[in-house]
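As structure tokens, the structure follows; a few thoughts come after it.
The values are calculated or read from the model by the stated rules, or taken from the named source; none is laboratory data. None of the values given here were measured: they were computed from a predicted structure. Quick reminder, even Gly has a Cβ in these numbers, built from the backbone with ideal geometry, and neighbours come from all protein chains shown.
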Amino acid sequence: MSGIAVVASRVACGWAAAYTLGLATQVREARCAEIASDVWEHHRDIVTEERHGWGFFGSVFSRVVRGVPADLLWRVNMEGPKVDIKIPFERIVGGLLLAMVVLLMITTSISGYDTAREGFDGELRRLADLGNTAHNFNAFFRAVTGVALIAAGAALYTNLKDRSPLLSGIAAFGIAAAGVLALIAGALQLVFVELAKEYVASSGAHQEQVLVTARGFAVATENTVAAAFIALVLSTYVLAILAGREALVPRWLIGIPVMSAAIIGGSLIAQAAGADLEWWILISGLFMSAIWLVIAGLWLLFAAREDRIAAAPGPAAAL
Amino acid sequence: MRRKAGALLSIEIGILQAGIALLRGSDAEFHGYAMAREIRDQEGARSLTAHGTLYRALERLEVRGLLASRWEDPEIAAAEERPRRRMYRVTAEGEAAVQAVAESAQEPAKALKRGLAAS
């Protein structure tokens, strides 16, 4: 199997291993073996038809994603009435908020390329020097992050829709959109890596042409990650409003995202007006929204229920 | 929308029909990917059935006795250097269910003919 086929196979089998987690070994192994066999036969078909590995990756990935609802329903049906997991609502939301911090960091870690003409040659050579395993692992990790963000959005909506359908819907949409953007950024980066390899292997006018194309992909990756990041930060603000309104966390915590929004908004306005701001001012604003996620998540996970009740003046009316 | 008890979903009918078609073409048994490809070819679709949708439907059909399955001999898979296949076949009950679906699909046309003849 080629590198990209191995990644596709790992995505499909990794997802099967994830949704069968906790089931009887026999059931789990049977499902994973069946998916592995399917992907193998699929790959053999692609090779026979002499089609490109990217087509195979797209086809397998599409089959995995389209099948997610059926897989989850299958999992629920497998356990049936035996499932009696009583995790308090607050702990689920707290866990999801903490997971969002990690996902936010992973999503943004893809960016940071020096797309300036002078330094870009070094970026391409550095990427080309990395092994296939590193690239495949990176691509797999990014695919998982994108899917996890979509799942986190859905889970937050499911758990918060009774409190505020509108706010939870907006937040979930933002998180899911960030997930889709993270998947797109991951795919763009894969192309960028291929271009980096081609750049190193070529010379002359062709090399110059590859450099221009690769810069285009690098800029597109950066912008896609930025869009995902903005969607996540805005979703965090909406979650902060929701949590504050519903008194899920102490009301004073809303001060953190308010300050974050003020710093980011002020920075963007100042930049638009032509002011030369230090980069850390904007970053500190973004960092504060992550701080809110951590504090709110830990509070919901570990603070005593009595504390939350004491902090809560009473549930606000749902929007 | 909840489906009627005993009713078959379109994916399930598609699987049984494709399974019967494969049976007629000398393949008594089929594996999951072969089924996905057969459905795609029969329906003229561009993409293959999703993993989750396909294997959930296959399991439902097996539970209802319309399909039977077995894991192939590991030695065959090892000899061909590939993962083991889970082989399915349409049972007599499965064939009867497809026949019943085909007949019920013709029922409105028959009723219309009877109505026209009576008038």
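Whether any residue in segment A:112-122 is under 17 Å from A:Gly186 (Cα atoms) and modelled with pLDDT of 80 or more is what I want to check. No, because not a single residue in segment A:112-122 is under 17 Å from A:Gly186 (Cα atoms) and modelled with pLDDT of 80 or more. Of all the criteria given as (1) modelled with pLDDT under 80; (2) surrounded by 13 or more Cβ atoms within 10 Å (Cβ to Cβ), the one not satisfied by A:Met259 is (1).
Yes/no matrix, rows are residues, columns are (1) in contact with a Cys (Cβ under 7 Å, 6 or more places away or on another chain); (2) within 14 Å of B:Thr49 (Cβ to Cβ):
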{"site": "A:Val6", "(1), (2)": "no, no"}
{"site": "A:Ile35", "(1), (2)": "yes, yes"}
{"site": "A:His42", "(1), (2)": "no, yes"}
{"site": "A:Gly58", "(1), (2)": "no, no"}
{"site": "A:Pro69", "(1), (2)": "no, yes"}
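Scanning segment A:143-163 for residues that are buried (at least 22 other Cβ atoms within 10 Å of the Cβ) and more than 18 Å from the chain's Cα centre (by Cα) yields a count of 1.
May I ask you to list the residues in segment B:49-66 that are within 7 Å of another protein chain (Cβ to nearest Cβ) and over 13 Å from the mean Cα position of the chain (by Cα)? Don't jump to the end; show me each part of the working.
Residues of segment B:49-66 within 7 Å of another protein chain (Cβ to nearest Cβ): B:50-53, B:55-56.
The answer is B:Ala50, B:His51, B:Gly52.
Within segment B:36-88, restricting attention to residues that are within 25 Å of B:Leu8 (Cβ to Cβ), of a type outside the set (Val, Ile, Thr) and out of contact with any helix residue (DSSP H, G or I) (no Cβ under 9 Å at 6 or more places or on another chain), the residue that is surrounded by the fewest Cβ atoms within 10 Å (Cβ to Cβ) is B:Gly44.
If you scan segment B:67-79, which residues turn out to be at the interface with chain A (Cβ under 10 Å from one of its Cβ atoms) and not aromatic (Phe, Trp, Tyr)?
To start, the set of residues in segment B:67-79 that are at the interface with chain A (Cβ under 10 Å from one of its Cβ atoms) comprises B:69, B:71-72, B:77.
Within segment B:67-79, B:Ser69, B:Glu72, B:Ala77 qualify.
Exactly one residue out of A:Phe192, A:Phe229 is among the aromatic types (Phe, Trp, Tyr), under 22 Å from A:Ser109 (Cα atoms) and under 13 Å from the mean Cα position of the chain (by Cα): that is A:Phe229. Within segment A:3-39, restricting attention to residues that are polar (S, T, N, Q) and over 26 Å from the mean Cα position of the chain (by Cα), the residue that is nearest to A:Ala187 (Cα to Cα) is A:Ser37.
Taking the criterion of being of a type in the set (Gly, Ala, Ser) and modelled with pLDDT of 90 or more, the residues of segment B:78-119 that qualify are B:Ala78, B:Ala79, B:Ala92, B:Gly94, B:Ala96, B:Ala97. Of the residues making up segment A:212-254, just one is touching a Phe, Trp or Tyr at 6+ places or on another chain (Cβ under 8 Å) and surrounded by fewer than 18 Cβ atoms within 10 Å (Cβ to Cβ), namely A:Glu222. All conditions in (1) assigned to a loop (DSSP other than H, G, I, E, B); (2) within 11 Å of another protein chain (Cβ to nearest Cβ); (3) of a type in the set (A, V, I, L, M) hold for B:Ala28, with the sole exception of (2).
Listed here are the residues, each with its yes/no results for (1) facing chain B (nearest Cβ under 10 Å); (2) under 17 Å from A:Asn136 (Cα atoms).
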site	(1), (2)
A:Val6	no, yes
A:Ala24	no, no
A:Trp40	yes, no
A:Val47	no, no
A:Asn77	yes, no
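Tallying residues that are farther than 15 Å from A:Ser59 by Cβ and either among the aliphatic types (A, V, I, L, M) or within 13 Å of the chain's Cα centre (by Cα) (or both) within segment B:15-42 yields 17. Kindly check whether there is at least one residue in segment A:185-204 that is part of a helix (DSSP H, G or I) and under 30 Å from A:Leu301 (Cβ atoms). Yes.
Just to be sure before I move on: is B:Glu38 of a type in the set (D, E, K, R), within 27 Å of A:Trp15 (Cβ to Cβ) and not in a helix (DSSP H, G or I) in the structure I sent? Judged against the criteria, B:Glu38 is not a match.
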